[in-house]
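The values are calculated or read from the model by the stated rules, or taken from the named source; none is laboratory data. These numbers come from a predicted model, not from an experiment. Using ideal geometry, Cβ is built from the backbone for each residue, glycine included, and neighbour counts are taken over all protein chains shown. Surface areas here come from the heavy atoms of the whole protein model, side chains and all, with no ligands, DNA or RNA. Shrake-Rupley method; radii C 1.70, N 1.55, O 1.52, S 1.80 Å.
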Amino acid sequence: MSNRGSYMNIRHSSDYLKLINNIFQKFFDVDRINYHDELKKTLEEIGLFFNLDRVYIYYFSKDPTFMKIECQWNRECIRPKRESMQEEVVYALPWLFRKIKNNDFVAIDSVEELSSEAIFEKEAFSIEKIKSFLAIPLKSDKELVGFIGYESLEKPMKWEEEQIKILINISKVFSYTRVRLLKEKEYESILNGQAILLNNSESQLWALKNVTSYATVNEAHAKFFGKKKSDLEYQDLYDIFDIDTANKFSEVSWKLFQQNEPAEMELEVKNWKGEDRILQIKSKPQWDKAGNIKYLICTAEDITEKRLAEIELYKAKEQAEAANIAKSQFLANMSHEIRTPMNGIFGFLELLQSTDLSLEQKEFIREAKSVSDVLLCLINDILDFSKIEAKKLVMEQIKFNLRTTIEDSVSLHVPQATEKGLDLYSMIDSKVPEEVIGDPSRLKQILNNLISNAVKFTESGEISVAVDYLEEENEVALLNFEVKDTGIGIRTEDVSKIFKSFSQADTSTTRKYGGTGLGLAISSELVKLMGGEISVESILGEGSVFKFNVRLQIGKRVCKQKFDFEKFNDINILIVDGNGNSRKVISSYIRETGLKIFEAEDATSAITTILSNANTENKINIAVIDYQMSGMNGYELATTLKTIPFAKDIKLILLTSSTQRGDGIAAKKYGFSSYLTKPVKRDDLLNCIAIALNLKKADKEDKKTEKYVINEVKDELRPKILLVEDNEMNRKIVISMLRSRGMTCDVTVNGSEAVKAVKGKDYDVVFMDCQMPIMDGYESTRKIRAIEGSEKHTTIIAMTANAMAGDYEKCIESGMDNYISKPINFDIMFKLIEDNTKEREFVADYNSIINNNIDYFIEETGLSKDDAKEIFEDYIKCLPDMLTGINDAINENDFEKVARLTHELKGSAGTLRITSIYELSVNLEKAAVRKELDKCIKGFSEIKNLFY
Ligand code: ADP
């Protein structure tokens, strides 16, 4: 059977199919280990099948100019193609390689047919005695990587097309398999590299198949439990670990699976040594195509040491904070304790001052009082500061009138400002809500601090307090406050430090102005607690503007205007004031009424304005006149206006910088219908205008206006006061202070007596201590309120040395109306009395003259008590007539008569050693001699006050 014939025969035989099938199957899943043997066997199978002498495979080396036989087969008794498999140079067979590169095969049936170009090949084939030859290229991604050689040494052969096709296919299987195995090798080495990393990693790694079963783990994880990797892999947690560990582990795993997304969790388990450890686990699920979790990959760090360190740090921080709070609490308690004796010092100094003293002694007391003031400020500041530090400062949430609060704060500083010749005024935008919910006393504290600094650090010029509405959100208004001065200013480099505690702009400040450097630090904290910020803009030598904003819940936007000014649209008002800003403020308040406004900066231009508009629609109906003006003062302008026919009916309202007793009467004499103190408060101004327009009668309920309407002026107060106080020293001080102003009070020493006293008498005001034996102030107030029901309401004001958070609420909750802290600020006490005293018929009490002076008279004269009493009683019988005489003489402007009668009064008072009447008479007589009406009025009212 010829070669050809045998081939043709087998071509369709089942052997042929078997061969192909076998090769394909073997090589598709052959592994690296068996590859070479299988390859060799296959080459033999092919060789024998096609009746060849040699089959071999060359692959190019890394350097493609070399190649090497990877596998070869040769028939028995035929020498192998190569004895040793060394690298050979490719260019030894140049023609062949050119051909292989460009063709699917190179078939040489007989070497005689070799092309003339194949010089080297011819020579090589003849040396190797090759008769027939087939080369099929091996390609990977179309790139030539080697070839398979088929040789016949004994005889030439005819390479059939079909045969070549089969061998080409087989070569494809070979090259595919080789590439596959190379890639696998490469992949394995990568995997090996990764395994090195994973197994040497300090972090624990594991993959879970489900909540209780591992897939794979790294060494670190196995080691943590004192196990081998293989102990854990593909095992159930409950088969590996004790029940407790397995439970804990699966519980955490369950939660992580539940998350179905990257998650983090802590697991507390025992390690192989039985130590409790904390593992911080981070997990990431891997999903299959259906979206179910295939593996949950977990990494974990042992954070036990880190956690312990954190706990230690936290404990240390807690301790430090506790120590800090304890310190602040101690400071707060200390300041409280200091306040109580301070009450005594203040009170007695005040009392001492009202006794007969030499000039030098008076000076000493003044000094002592001034340093006590500083000490009290300091204690208050420290108390506040420590409350803030101890986080004990709680903001009140109560409804209050914002405008009044601001205006009151400004008013408080008017005396000091006036003393320094500074103008102090406030400007409140009409959009600022009237009533808000917040902490009025803390707002006042901030304002007081800024205004008092402004007054302190300003030598000339003016201070303005402006309040503007910025925005609002959910019924909460953002308000901006600005306190502007024309004072010494602050250097840019000092601006940042002044808001820090105990910081002042520079050391010279302390020397010159005193202070502690706490005020702004406290203000800044308070502002923060009110949801705002504080800042300052300042130019050294020119002045400063302190700005802060706060958020306050709106109570009432605008209080309905009490008066219907609308129908007065033909009424014209003239504001006469030398200070432009003051005019601006007053105008802005009047503008809200819709009345027409004119301004004049002095008396002359006021008169001009009045005259030039006299017969026009701009006729001036009301004039608001400042007392202090250059040229003519307010009284002189009023006197002049009364002489001008066009002007004499103009209603006049007086503005004064500070009121003194008698101001009202003097103003009335000059033709003013009412008077106002500066800085002008909007509502008071509108009240006065309303009264001038007969829109309002100065009715009794409206106490505020009463004060400013001259007809109704009451200088004298005969309030009915009840003092409830168990501490003797405190009682003494309050009683003496009241007496110094000609007032008396009833006294009880505990709450239960107070209840009885209130039942039996209609008091204007009850000052109630809080801590008392038998019944404290809170309970007493509750009882009083229960008795009064809705029928009556006695004003009860707490007097307490407690100034900690919650004290105010406690007083208010029990039914008290207000609260003054100890040491008592007597100005506040008197203001409260004044505000709460009901109007009553006043009966002069001349007997007090006897009680207050008789002892001194007896001491001085050596008379018996009875004799002395008789003389005094005769004296007080004549007193009313004498006083009426002086009053009438003043009303008639009869200065001579005033002087004569006062001289008599002075003489009799001197004889009876009644120093109070004597000294005041000396002054009144002098004023009468000099024909000074204002001073006469004032002096006389001071004398009259002695008897009420
Ligand atoms: P104190 O006034 O008690 O020193 P503050 O905290 O109120 O404390 O003020 C801190 C410092 O800021 C002051 O000492 C002063 O140097 C500076 N300062 C505050 N207000 C003004 C102002 N209106 N003008 C100039 N300097 C001011």
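Cβ separations smaller than 6 Å between residues 6+ apart or across chains give the following pairs from segment 456-479 residues that are within 15 Å of residue 558 (Cα to Cα) and part of a loop (DSSP other than H, G, I, E, B) to residues that are open to solvent by less than 50 Å² (accessible area, probe 1.4 Å) and not charged (D, E, K, R): 475/554. All conditions but one from (1) more than 51 Å from the chain's Cα centre (by Cα); (2) surrounded by 17 or more Cβ atoms within 10 Å (Cβ to Cβ) apply to residue 230; the one that does not is (2). When both residues are 6+ apart or on different chains and their Cβ atoms are under 7 Å apart, which pairs have a first residue that lies in segment 365-392 and is part of a helix (DSSP H, G or I), and a second that is among the aromatic types (Phe, Trp, Tyr) and open to solvent by less than 80 Å² (accessible area, probe 1.4 Å)? So the pair list comes out as 372/346. Could you check segment 328-340 and list, in sequence order, the residues that are surrounded by fewer than 13 Cβ atoms within 10 Å (Cβ to Cβ) and modelled with pLDDT of 75 or more? Passing the criteria: only 330. Is there any pair with a first residue in segment 810-833 that is touching a residue at least 12 places away in the same chain (Cβ under 8 Å) and a second that is of a type in the set (Ser, Thr, Tyr) and open to solvent by 40 Å² or more (accessible area, probe 1.4 Å) whose Cβ atoms are under 7 Å apart and which are 6 or more apart or on different chains, and what are they? Here the result reads 811/819; 819/808; 822/340, each pair linking segment 810-833 to a residue that is of a type in the set (Ser, Thr, Tyr) and open to solvent by 40 Å² or more (accessible area, probe 1.4 Å). With the requirement that a residue be in contact with an Asp or Glu (Cβ under 7 Å, 6 or more places away or on another chain) and either without any contact (Cβ under 8 Å) to a residue 60 or more places away in the chain or open to solvent by 10 Å² or more (accessible area, probe 1.4 Å) (or both), what does segment 897-948 give you? Matches in segment 897-948: 899, 902, 903, 906, 913, 920, 945, 948.
Residues in segment 29-40 that are crowded, with 16+ Cβ neighbours inside 10 Å and out of contact with any strand residue (DSSP E or B) (no Cβ under 6 Å at 6 or more places or on another chain): 30, 35, 38. For segment 197-227, which residues satisfy the criterion of being within 27 Å of residue 288 (Cβ to Cβ), modelled with pLDDT under 90 and open to solvent by 70 Å² or more (accessible area, probe 1.4 Å)? Correct list: 197, 198. Whether a residue is open to solvent by less than 20 Å² (accessible area, probe 1.4 Å), of a type in the set (A, V, I, L, M, F, W, C), more than 16 Å from the ligand (Cβ to nearest atom) and modelled with pLDDT of 85 or more was assessed, and residue 402 passes this test. Scoring residue 63 on the criteria (1) surrounded by fewer than 16 Cβ atoms within 10 Å (Cβ to Cβ); (2) at pLDDT 90 or above; (3) farther than 19 Å from residue 129 by Cβ; (4) not basic (Lys, Arg) leaves a single failure, condition (2).
Residue by residue, here is whether (1) modelled with pLDDT under 85; (2) within 16 Å of the ligand (Cβ to nearest atom); (3) under 22 Å from residue 462 (Cβ atoms) holds:
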residue	(1), (2), (3)
358	yes, no, no
375	yes, yes, no
379	yes, yes, no
433	no, no, no
436	no, no, no
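On inspection, residue 419 does not qualify as touching a Cys at 6+ places or on another chain (Cβ under 6 Å) and either over 25 Å from residue 810 (Cα atoms) or of a type in the set (A, V, I, L, M, F, W, C) (or both).
From the list 126, 115, 189, 171, the lone residue that is under 23 Å from residue 21 (Cα atoms) and free of Cβ contacts under 8 Å to residues at least 60 places away in the same chain is 171. Per the conditions (1) open to solvent by less than 20 Å² (accessible area, probe 1.4 Å); (2) among the hydrophobic types (A, V, I, L, M, F, W, C); (3) under 30 Å from residue 375 (Cα atoms), the sole criterion not satisfied by residue 237 is (3).
Restricting segment 280-306 to residues that are among the hydrophobic types (A, V, I, L, M, F, W, C) and touching a helix residue (DSSP H, G or I) at 6+ places or on another chain (Cβ under 8 Å) leaves a set whose member that is farthest from residue 246 (Cα to Cα) is 293. Of everything in segment 473-499 that is within 9 Å of the ligand (Cβ to nearest atom) and within 20 Å of the chain's Cα centre (by Cα), the residue that is modelled with the lowest pLDDT is 497.
Which of the residues belonging to segment 442-474 are polar (S, T, N, Q) and out of contact with any strand residue (DSSP E or B) (no Cβ under 7 Å at 6 or more places or on another chain)?
Here is the first cut: in segment 442-474, the residues polar (S, T, N, Q) are 445, 448-449, 452-453, 458, 460, 464, 474.
Across segment 442-474, the qualifying residues are 445, 448, 449, 452, 453, 460, 474.
Every residue, every condition in (1) at pLDDT 85 or above; (2) crowded, with 19+ Cβ neighbours inside 10 Å; (3) over 21 Å from residue 464 (Cα atoms), yes or no:
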| residue | (1), (2), (3) |
| --- | --- |
| 574 | yes, yes, yes |
| 581 | no, no, no |
| 591 | no, no, no |
| 604 | yes, no, yes |
| 609 | yes, yes, yes |
| 618 | yes, no, yes |
| 632 | no, no, yes |
| 654 | yes, yes, yes |
| 661 | no, no, yes |
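Scanning segment 246-297 for residues that are surrounded by fewer than 12 Cβ atoms within 10 Å (Cβ to Cβ), under 39 Å from the mean Cα position of the chain (by Cα) and within 17 Å of residue 209 (Cα to Cα) gives 261, 262. All of (1) within 9 Å of the ligand (Cβ to nearest atom); (2) on the phi < 0 side of the Ramachandran plot; (3) modelled with pLDDT of 90 or more hold for residue 533 with one exception: (1). Just wondering, is there one or more residues in segment 107-119 that are in a helix (DSSP H, G or I), farther than 22 Å from residue 161 by Cβ and open to solvent by less than 80 Å² (accessible area, probe 1.4 Å)? The answer is no, given that none of the residues of segment 107-119 is in a helix (DSSP H, G or I), farther than 22 Å from residue 161 by Cβ and open to solvent by less than 80 Å² (accessible area, probe 1.4 Å).
The criterion of being assigned to a helix (DSSP H, G or I), closer than 21 Å to residue 53 by Cβ and among the hydrophobic types (A, V, I, L, M, F, W, C) holds for residue 124. Scanning segment 749-775 for residues that are surrounded by fewer than 18 Cβ atoms within 10 Å (Cβ to Cβ) and within 19 Å of residue 822 (Cα to Cα) yields 771, 773. Of all residues in segment 634-649, how many are open to solvent by 10 Å² or more (accessible area, probe 1.4 Å) and assigned to a loop (DSSP other than H, G, I, E, B)? Matching residues across segment 634-649 total 5.
Please indicate, with yes or no, whether at least one residue in segment 184-194 is open to solvent by less than 40 Å² (accessible area, probe 1.4 Å) and of a type outside the set (Lys, Arg).
Of all residues in segment 184-194, those open to solvent by less than 40 Å² (accessible area, probe 1.4 Å) come to 193.
Add one more test, that the residue is of a type outside the set (Lys, Arg), and what stays is 193.
Yes.
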